[in-house]
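Engineer: The structure under discussion is supplied below as structure tokens; questions concerning it will follow.
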Amino acid sequence: MELEEQEGENVFLSIDNLFEILGNPTRRIILSKLAKVPLGASELAASFGKKISRQAIHSQLKMLSYYGMIENYGEDPRNIKYRINSHLSLRINITPDYYKINYDVSKIDDTKNNLELKETGCHVDYQKIRHPDKKLRFLGEKIKEIEHNLSGLERERNALLHNKECFIIELKNVIRDQYEEEIKTKEQPNLEKEIFYTLFFNPIKYFDRINIDTLLDDMFFSGMGPIRRDQHKVSIRHLLKDLSKLMGFLKEDEDDFWFFDI
């Protein structure tokens, strides 16, 4: 995905970039502070005390700005403020039989117009409240209600992930009992199985038409140079043909795409 830098250039935020950003505790603290209130570099430095220099804070702000996660505003150079500039969602699932990372970053083009109370559906009731204390109570109750609903969704999601892992384990059992010996090859004894499991880990993506380049990315070949990537692409194409001969439901169309006929 691409995020616009202030100079107008497009900066690609990869999952490696994202982990590098969030893996630094100072950057996480900065993001946490800016999520609550916009701050200037001097204010951020003061909040850290003597632990981190102002120069180091400027360095961290520059990196966060470069990747579009924060932005600065203000006409007075002596009073520049920083604020969060992007919505970020990151979900990681790692189990003995399943590995998946989902993340999404979307830039907030206009905070005022994109984050209005009227979009929540409760602004009419809110407008009827006159006393500030009652407004705060109303907003607090709504936030509490959303947190409760999110907790329920998380419990439901965990149950669904548990069920998915059960199905994946049974899928592996079927492969082991029916196809284990025929899938094995001398040169690449596990790559065929890795391809097959990759397809079933992401059925929404792959049960329609399988693009080999997308498959390569999901198998972590995206960081390779073009020559090695093309070599792996040829190998995987041949392995898909072998899997297709072994399992009749994996088929190829005329455009060099693959699909499950099940």
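Please treat every number below as a calculation from the coordinates, not as lab data. These numbers were taken from a predicted model, which means no experiment stands behind them. Here the Cβ is made from the backbone with ideal geometry for all residues, glycine too, and neighbour counts use every protein chain on show.
Engineer: Relative to the longest principal axis of the C-alpha atoms of the chain, give the angle of the C-alpha long axis of helix 132-178, reported between 0 and 90° and rounded to the nearest 10°.
Structural biologist: Rounded to the nearest ten degrees, it is 10.
Engineer: Over the Cα atoms of the chain, each weighted equally, I'd like the Debye log10 I(q)/I(0) at q = 0.08, 0.12 Å⁻¹, rounded to two decimals.
Structural biologist: Reported log10 I(q)/I(0), two decimals: -0.54, -0.98.
Engineer: Still on this structure, I have one more. Taking θ as phi - 60°, what are the ³J(HN,Hα) couplings along region 220-237 by the Karplus curve (6.51, -1.76, 1.60), each to the nearest whole Hz, with x for Gly and Pro?
Structural biologist: With coefficients 6.51, -1.76 and 1.60, one gets 6, 9, 5, x, 7, x, x, 5, 5, 5, 5, 5, 5, 4, 5, 4, 5, 4 Hz.
Engineer: With unit charges on the beta carbon (Lys/Arg positive, Asp/Glu negative), name the residue among PHE196, MET224, LEU246 whose Cα is farthest towards the positive pole of the charge dipole of region 180-260.
Structural biologist: Of the options given, the answer is MET224.
Engineer: Nearest 20 debye, what's the magnitude of the dipole of region 2-89 about its Cα centre given +1 on Lys and Arg Cβ and -1 on Asp and Glu Cβ?
Structural biologist: Computed about the Cα centre, the dipole is about 760 debye.
Engineer: Ok, one more. I need the trypsin sites (Lys or Arg not before Pro) found in region 156-250, filtered to DSSP loop residues with at most 15 other beta carbons within 10 Å of theirs.
Structural biologist: Sites meeting the loop and neighbour criteria: LYS184, LYS186, ARG209.
Engineer: List the GluC sites (Glu not before Pro) within region 183-247 that DSSP assigns to loop and that have no more than 14 neighbouring Cβ atoms inside 10 Å.
Structural biologist: GLU187
Engineer: Okay, moving on. Tell me which residues come under 5 Å, amide H to amide H, from SER86 once H is placed; ignore anything under 5 positions away on its chain.
Structural biologist: Residues meeting the amide H criterion: ILE108.
Engineer: Please turn the phi angles of region 66-78 into ³J(HN,Hα) values with the Karplus equation 6.51 cos²θ - 1.76 cosθ + 1.60 (θ = phi - 60°), one per residue in order, whole Hz, x for glycine and proline.
Structural biologist: Working through the residues one at a time gives 4, 8, x, 7, 10, 9, 10, 8, x, 8, 7, x, 7 Hz.
Engineer: Going down the list LYS62/LYS233; LYS62/LYS205; LYS172/LYS233, which pairs span over 30 Å between their C-alpha atoms?
Structural biologist: Flagged as over cut-off: LYS62/LYS233; LYS62/LYS205.
Engineer: Mind pulling the angle between the C-alpha long axis of helix 25-36 and the longest principal axis of the chain? Nearest 10 degrees, somewhere in 0 to 90.
Structural biologist: Helix 25-36 sits at roughly 60 degrees to that axis.
Engineer: Given H placed on each backbone N at 1.01 Å, which residues far from LEU250 in sequence or on other chains put an amide H within less than 5 Å of it?
Structural biologist: Counting only residues 5 or more places away or on other chains, the set is ASP261.
Engineer: Ignoring the sites themselves, what is the longest stretch of the chain with no chymotrypsin sites (Phe, Trp or Tyr not before Pro) in a DSSP loop and at most 15 other beta-carbon atoms within 10 Å?
Structural biologist: After excluding every exposed loop site, the longest remaining stretch is 1-206.
Engineer: Connecting C-alpha atoms closer than 10 Å in a GNM of the chain, tell me which of ILE129, ILE175, ILE101 has the biggest fluctuation.
Structural biologist: ILE129
Engineer: Additional query: Of PRO38, GLY23, MET63, which is farthest on the positive side of the dipole of the chain, counting Cα position, with +1 on Lys and Arg Cβ, -1 on Asp and Glu Cβ, and the Cα centre as origin?
Structural biologist: Of the options given, the answer is PRO38.
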